[in-house]
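All remarks here apply to the structure that follows.
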Amino acid sequence: MEYKLTTPLTEEVTRKLRAGDTVLLSGVIYTARDAAHKRLCECLDRGEELPIDVKDAAIYYAGPTPARPGQAIGACGPTTSYRMDAYAPRLLHLGLKAMIGKGKRSEQVVEAMKETGAVYLAAIGGAGALMASRVKTAQLVCYEDLGSEAIRRLEVEEMPLTVVIDSLGNNLYQTGPQEYLSAQQQ
Amino acid sequence: MREISAQTITETVARLCMESNNRLSADMENAVRSAFETEQWPIAKTTLKTLCDNLDAARDTGLPICQDTGMACVFCEIGQEVHIQGDFEAAIHAGVARGYTEGFLRKSVVKDPIRRGNTGDNTPAIIHTRIVPGDKLKITVAPKGFGSENMSRLGMLKPSDGEQGVKDFVLETVRLAGPNPCPPIVVGVGVGGTFEKAALLAKQALLRPVGSHHPDPYYAAMEQELLEKINQLGIGPQGFGGETTALGVQIETYPTHIAGMPVAVNINCHATRHKEAVL
């Protein structure tokens, strides 16, 4: 199935998505990667409010290259997601509905996704130049000192994504290669 | 003695940082585009099409191919008849700083591995130098992204593990990496030497044109066999399933100790980047 979705993403919408579906995502998403996730969780540890509202939001694990004059953003493909696994369950329990990245996730993250109805979407890793064309605006939100790792608010238009892990725990990284291998044996 | 100024080195390194990140070498671009032509599995073909489109987009927009413009690995072969005017390593670091700043490349280096803190200009570079005969200076800049670097492994195998042990270690490394290093990957393998020599060999193997073979037919056959076995794992482009898991396997070797058989596997993604200049 192919879905055209716009943020915010409610649980009703994300629970319909299945591993292998494609999504063209529009609306507002937030970039955050290693260092920003650490700060977000430290913020929660101190009992403070997060600098972004994660309820029904989508976080993009990405650190773009600097924008050239006249461009909204530089190259901005996804980074490998497992490094955010230590932090992701807390954000999921606060209502985060979509994580966008690439690569495997931990069992703890998948369990939290099942409980909260969230999805894990893959952007094509290494297709940074192409993805830039889907980003209409980019604004710094916080943690400017982190440079590329700062949290940015992106307005995206029809960002092409693939559902890798759905809210039932189905995982394209397992089923995709299995289907290919069984087709070869026939 | 031939004189080469630090300023010339800085300017060259800056240019190589920008050019290597914005365009793939012809061999890599051909490998990605040929994989799109030959891949039959639908989701894999679609994914490879996206990668080809991305190469077009990078060319059209002037943006880097990938946002992870890497840590700058700089390999230098310094002719022993060359005299460098100025501080050689400082000149390279200055070139990286200039290239990453003027080229709008991402600054991905932190000043301390545990306490972190971005250095702000992508320095320092990782510099490897060799002194060679002649009066030339060859500089190769190979930006290394860490999605794939993190999936690399080193094993201190036993001599009794033999050829099969090496092959098993390479295949296990690729299988464990799965979708993480942005397949289709290029696999650099270093066998022999010492702990650090094996790792360096694996990285140097990635500087060879993709698909080129080891001069020793024994290792050339092993490269071919490993490539076929990797492409039977089913991981496919981005790990979504398919044939094209790797575009090349490249082995470099060195004599080693009677007690050991170090094996290093350095994984590179489909944006395997390097660019060289000879001064």
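The values are calculated or read from the model by the stated rules, or taken from the named source; none is laboratory data. Just so it is clear, the structure is predicted and the values come from calculations on it, not from any experiment. No Cβ is skipped: glycine too gets one built from the backbone with ideal geometry, and neighbour counts run over all protein chains shown.
A quick yes/no check of all residues on (1) within 23 Å of B:ALA26 (Cβ to Cβ); (2) touching a Pro at 6+ places or on another chain (Cβ under 9 Å):
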| residue | (1), (2) |
| --- | --- |
| B:ALA199 | no, yes |
| B:LEU207 | yes, no |
| B:TYR218 | no, no |
| B:ALA221 | no, no |
| B:GLU228 | no, no |
| B:GLY242 | no, yes |
| B:LEU247 | yes, yes |
| B:ILE251 | yes, no |
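Kindly indicate which of A:ASP53, A:ASP85, A:ASP45, A:ASP34 is out of contact with any strand residue (DSSP E or B) (no Cβ under 7 Å at 6 or more places or on another chain), within 22 Å of B:ILE65 (Cα to Cα), surrounded by fewer than 24 Cβ atoms within 10 Å (Cβ to Cβ) and of a type in the set (D, E, K, R).
Values: A:ASP53 fails: within 22 Å of B:ILE65 (Cα to Cα); A:ASP85 fails: within 22 Å of B:ILE65 (Cα to Cα); A:ASP45 fails: within 22 Å of B:ILE65 (Cα to Cα).
Result of the check over A:ASP53, A:ASP85, A:ASP45, A:ASP34: A:ASP34.
In segment B:59-79, which residues are more than 14 Å from chain A (Cβ to nearest Cβ) and either among the basic types (Lys, Arg) or over 27 Å from A:TYR61 (Cβ atoms) (or both)?
Within segment B:59-79, B:VAL74, B:PHE75, B:CYS76, B:GLU77, B:ILE78, B:GLY79 qualify.
Give B:ASP53, B:ASP68 a once-over and let me know the one that is under 16 Å from A:ALA129 (Cβ atoms), touching a helix residue (DSSP H, G or I) at 6+ places or on another chain (Cβ under 8 Å) and crowded, with 22+ Cβ neighbours inside 10 Å. Before you say what the answer is, go through the steps one by one.
On the way: B:ASP53 fails: crowded, with 22+ Cβ neighbours inside 10 Å.
Among B:ASP53, B:ASP68, only B:ASP68 is under 16 Å from A:ALA129 (Cβ atoms), touching a helix residue (DSSP H, G or I) at 6+ places or on another chain (Cβ under 8 Å) and crowded, with 22+ Cβ neighbours inside 10 Å.
Quick check on segment A:120-151: of everything there that is part of a strand (DSSP E or B) and under 21 Å from A:CYS41 (Cβ atoms), which residue is nearest to the other protein chains (Cβ to nearest Cβ)?
The extreme case among them is A:TYR120.
Quick check: is even one residue across segment B:263-279 surrounded by 22 or more Cβ atoms within 10 Å (Cβ to Cβ), within 14 Å of chain A (Cβ to nearest Cβ), in contact (Cβ under 8 Å) with a residue 60 or more places away in the chain and among the basic types (Lys, Arg)?
yes
Among the listed residues B:VAL110, B:VAL82, identify the single one that is in contact with a Gly (Cβ under 9 Å, 6 or more places away or on another chain) and within 14 Å of chain A (Cβ to nearest Cβ). Please lay out each step first, then the result.
On the way: B:VAL82 fails: within 14 Å of chain A (Cβ to nearest Cβ).
Exactly one of B:VAL110, B:VAL82 is in contact with a Gly (Cβ under 9 Å, 6 or more places away or on another chain) and within 14 Å of chain A (Cβ to nearest Cβ), namely B:VAL110.
Identify the single condition in (1) of a type outside the set (Lys, Arg); (2) buried (at least 17 other Cβ atoms within 10 Å of the Cβ); (3) under 12 Å from B:CYS17 (Cβ atoms) that B:GLU102 does not satisfy, given that it satisfies every other one.
(2)
Which one is surrounded by the most Cβ atoms within 10 Å (Cβ to Cβ), of the residues in segment A:156-186 that are among the charged types (D, E, K, R) and more than 8 Å from chain B (Cβ to nearest Cβ)? Outline the logic, then answer.
Within segment A:156-186, the first condition is being among the charged types (D, E, K, R), and the residues that meet it are A:157-158, A:166, A:179.
Checking which are more than 8 Å from chain B (Cβ to nearest Cβ) leaves us with A:157-158, A:166.
On the way: A:GLU157: 13, A:GLU158: 14, A:ASP166: 25.
Here the answer is A:ASP166.
Checking the structure you have, find out if any residue of segment B:35-47 is assigned to a loop (DSSP other than H, G, I, E, B) and modelled with pLDDT under 95. First the steps, then the outcome.
Restricting attention to segment B:35-47, the residues satisfying the condition of being assigned to a loop (DSSP other than H, G, I, E, B) are B:39-41.
So of that shortlist, the ones also modelled with pLDDT under 95 come out as none.
Looking through segment B:35-47, none of the residues is assigned to a loop (DSSP other than H, G, I, E, B) and modelled with pLDDT under 95.
Can you confirm whether B:GLY248 is under 20 Å from B:LEU201 (Cβ atoms), surrounded by fewer than 22 Cβ atoms within 10 Å (Cβ to Cβ) and away from chain A (no Cβ under 11 Å)? Show your work before the answer.
Numbers: under 20 Å from B:LEU201 (Cβ atoms): yes; surrounded by fewer than 22 Cβ atoms within 10 Å (Cβ to Cβ): no; away from chain A (no Cβ under 11 Å): yes.
Criteria not met by B:GLY248.
Output the number of residues of segment A:1-40 satisfying the condition of being more than 17 Å from the chain's Cα centre (by Cα) and either in a helix (DSSP H, G or I) or among the aromatic types (Phe, Trp, Tyr) (or both).
Of the residues in segment A:1-40, 2 are more than 17 Å from the chain's Cα centre (by Cα) and either in a helix (DSSP H, G or I) or among the aromatic types (Phe, Trp, Tyr) (or both).
For segment B:1-26, what are the residues that are in contact (Cβ under 8 Å) with a residue 24 or more places away in the chain and of a type in the set (A, V, I, L, M, F, W, C)?
Initially, segment B:1-26 is screened for residues in contact (Cβ under 8 Å) with a residue 24 or more places away in the chain, giving B:1-25.
Correct list: B:MET1, B:ILE4, B:ALA6, B:ILE9, B:VAL13, B:ALA14, B:LEU16, B:CYS17, B:MET18, B:LEU24.
Of the conditions (1) out of contact with any strand residue (DSSP E or B) (no Cβ under 6 Å at 6 or more places or on another chain); (2) at pLDDT 95 or above; (3) crowded, with 21+ Cβ neighbours inside 10 Å, B:HIS257 fails just one. Which one is it?
Here B:HIS257 clears every test but (3).
Within segment B:19-30, work out how many residues are of a type outside the set (Asp, Glu) and surrounded by fewer than 23 Cβ atoms within 10 Å (Cβ to Cβ).
The first filter runs over segment B:19-30 and keeps only residues of a type outside the set (Asp, Glu), leaving B:20-26, B:28, B:30.
Next cut, surrounded by fewer than 23 Cβ atoms within 10 Å (Cβ to Cβ) only: B:22-23, B:25-26, B:30.
Number of matching residues: 5.
For segment A:82-119, how many residues are over 12 Å from the mean Cα position of the chain (by Cα), of a type in the set (A, V, I, L, M) and not in a helix (DSSP H, G or I)?
Of the residues in that region, 2 qualify.
Kindly indicate the residue of segment B:93-125 that is hydroxyl-bearing (Ser, Thr, Tyr) and farther than 19 Å from A:ALA75 by Cα and also nearest to the chain's Cα centre (by Cα) among those meeting that condition. Can you show your working first?
Of segment B:93-125, the ones hydroxyl-bearing (Ser, Thr, Tyr) are B:100-101, B:108, B:119, B:123.
Filter once more, keeping what is farther than 19 Å from A:ALA75 by Cα: B:119, B:123.
Working: B:THR119: 23, B:THR123: 18 Å.
So, considering only residues that are hydroxyl-bearing (Ser, Thr, Tyr) and farther than 19 Å from A:ALA75 by Cα, the one nearest to the chain's Cα centre (by Cα) is B:THR123.
From (1) surrounded by fewer than 18 Cβ atoms within 10 Å (Cβ to Cβ); (2) touching a residue at least 12 places away in the same chain (Cβ under 8 Å); (3) outside any loop (DSSP other than H, G, I, E, B), pick out the condition that doesn't hold for B:MET222.
(1)
Please go through segment B:182-220 and pick out each residue that is small (Gly, Ala, Ser) and touching a Phe, Trp or Tyr at 6+ places or on another chain (Cβ under 7 Å). Show your work before the answer.
In the first step, residues of segment B:182-220 are kept if they are small (Gly, Ala, Ser); the result is B:188, B:190, B:192-193, B:198-199, B:202, B:205, B:211-212, B:220.
If the condition is that a residue be small (Gly, Ala, Ser) and touching a Phe, Trp or Tyr at 6+ places or on another chain (Cβ under 7 Å), then B:GLY192, B:GLY193 are the ones that fit.
Could you check B:CYS73 against (1) surrounded by fewer than 22 Cβ atoms within 10 Å (Cβ to Cβ); (2) not basic (Lys, Arg); (3) not in a strand (DSSP E or B) and say which number it fails?
The number of the failed condition is (3).
Filter segment B:27-58 for residues that are without any contact (Cβ under 8 Å) to a residue 24 or more places away in the chain, within 27 Å of A:THR65 (Cβ to Cβ), within 11 Å of chain A (Cβ to nearest Cβ) and not charged (D, E, K, R) and give the result.
If the condition is that a residue be without any contact (Cβ under 8 Å) to a residue 24 or more places away in the chain, within 27 Å of A:THR65 (Cβ to Cβ), within 11 Å of chain A (Cβ to nearest Cβ) and not charged (D, E, K, R), then B:THR46, B:THR50, B:CYS52, B:ASN54, B:ALA57 are the ones that fit.
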